[in-house]
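Please treat every number below as a calculation from the coordinates, not as lab data. Since the model is a prediction, treat every value here as computed from it, not as a measurement. Don't worry about glycine lacking a Cβ; one is built from the backbone with ideal geometry, like all the others, and counts go over all protein chains shown.
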Amino acid sequence: MKLTVIGSTALDSIETPFGKKEEILGGSATYAALSASFFVPVSLISVVGKDFPRKYLNIFKKRNIDIEGLEIKDGRTFRWEARYQYDLSYAETLNTELNVFEGFRPVIPKKIDPKDNLLLANIDPELQSFIFHQIKPFGLVACDTMNLWIEHSKKALLRLLKKVDIFLLNDAEARQLSGEKNLLDAAKFIASRGARMIVIKKGEHGALFFSKGLRFMVPAYLLEKLSDPTGAGDTFAGGMLGYLSRSPKITDRVLRRALVYGSIMASFAVERFSATGLLKTKPEDVEERVKHFEKLTKF
Ligand code: AMP
């Protein structure tokens with residue numbers, strides 16, 4: 001099964017304790033699509049400005065990511081500037097420029113099949129909702145978000161929640177959205193608003209999965225080197241949805257494994273700045289790390 005990914009395509013300027021880089025390839029859809037492309041064919045729906053470097057477009061093409069739905073509009077590409085202190089789980093947003101995303105309403109390419117799975121990566125919930133209604137998907141629908149939208153577009157997000165199968169967010173966002181301190185209570189709140197499956201990401205502490213029949217926790221892979229946590233969540237979502245899209249049937253075993261693959265994909269992303277970690281990774285590296293992960297967690 002194919003996967004359609006919508007979300008931001010960005011030029012990021014990032015500072016971490018390990019370095020500082022300006023105007024590098026970023027965006028929720030970028031990380032999610034690159035990660036998912038390890039598993040299934042991916043179509044990307046997003047927008048960039050005329051200033052978006054051609055070399056970045058070529059990265060998608062090289063990975064066989066279909067970019068017919070990536071519009072190149074007059075204007076500037078979305079920009080995000082952030083800083084991480086030694087607590088790498090928290091990104092301090094210094095500046096967000098929506099630019100071409102302001103009022104963006106994409107034309108969905110005819111080839112996008114409603115039967116395909118859909119990942120609504122982090123972007124304005126109004127836009128996520130617009131695309132959802134344009135595609136009218138009947139595959140698996142997953143949705144990710146961030147604190148900004150919980151703060152400013154909570155109603156739209158809660159409306160969207162009713163329609164999604166898998167909702168992903170991080171622990172701080174789960175607490176913010178639900179008003180609950182305990183993550184189990186937060187997941188219950190989110191489930192009561194409609195999502196069938198909930199993934200609460202906890203950065204270096206892994207992720208939690210909740211559905212009616214399954215609770216599961218997956219650690220993060222133990223890394224020797226970490227440079228830039230940007231995109232870890234999006235990469236996790238892309239890896240998880242990619243793995244699920246490759247699987248003929250969604251069973252509890254497949255869900256557990258999908259979470260492991262999400263976690264492993266994220267571990268490659270954070271080793272280097274921007275998408276370089278993912279771009280340097282080969283499918284066999286992923287399998288090798290999954291095997292090692294199994295050794296590290298089995299008891
Ligand atoms: P993550 O580290 O997984 O939370 O995702 C970081 C990515 O999200 C960066 O590459 C940013 O370009 C992108 N991003 C940051 N803020 C926003 C926003 N408000 N809407 C959409 N994407 C964003």
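Data overview
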item: Note, ³J(HN,Hα) from phi for the range 177-192, Karplus 6.51, -1.76, 1.60, rounded to Hz, x at Gly and Pro; result: 5, 8, x, 9, 7, 6, 5, 5, 5, 4, 5, 4, 4, 5, 4, 5
item: ASP113/ARG54 FRET efficiency (R0 25 Å; Cβ-Cβ; nearest 0.05); result: 0.30
item: Only Lys, Arg (+1) and Asp, Glu (-1) charged, at Cβ; the range 1-104 dipole about Cα centre in debye; result: 480
item: Net charge over other residues, Cβ less than 15 angstrom from the Cβ of ALA186 (K, R count +1; D, E count -1); result: +4
item: Selected from GLY7, PHE132, LEU88, residue furthest toward positive end of dipole (the range 3-297; charges at beta carbon); result: PHE132
item: Sparse-neighbour loop sites [trypsin sites (Lys or Arg not before Pro); the range 206-242; at most 14 other C-beta within 10 Å; DSSP]; result: LYS212, LYS225
item: Candidates per trypsin sites (Lys or Arg not before Pro) in the range 1-109, loop by DSSP, up to 14 other Cβ within 10 Å; result: LYS50
item: Cα-based Rg / Dmax (Å) for the chain; result: 17.5, 56
item: Most fluctuating residue given options PHE236, PHE60, PHE216, as computed from a GNM of the chain linking Cα atoms under 10 Å; result: PHE216
item: Anisotropy class of the range 121-254 from Cα gyration tensor, a/c 1.5 cut; result: rounded
item: Highest-fluctuation residue, TYR86, TYR261, TYR31 considered, GNM on the chain with Cα pairs under 10 Å; result: TYR86
item: Cα→Cβ-extended label distance, 7 Å offset, between GLU284 and ILE72, nm; result: 3.6
item: Low-density loop cleavage sites - chymotrypsin sites (Phe, Trp or Tyr not before Pro) in the range 116-184, where at most 12 other Cβ are within 10 Å (DSSP); result: PHE138
item: Structure-based [θ]222 nm, the chain - -39500 (n - 2.57) summed over DSSP H runs of at least 4, per residue, nearest 500; result: -11000 deg cm²/dmol
item: Karplus-derived HN-Hα couplings along the range 41-55 (A = 6.51, B = -1.76, C = 1.60, θ = phi - 60°), whole Hz, x at Gly and Pro; result: x, 10, 10, 9, 10, 6, 8, 10, x, 5, 7, 6, x, 4, 4
item: GluC sites (Glu not before Pro), loop per DSSP, at most 16 other Cβ atoms within 10 Å - longest free stretch of the chain; result: 1-101
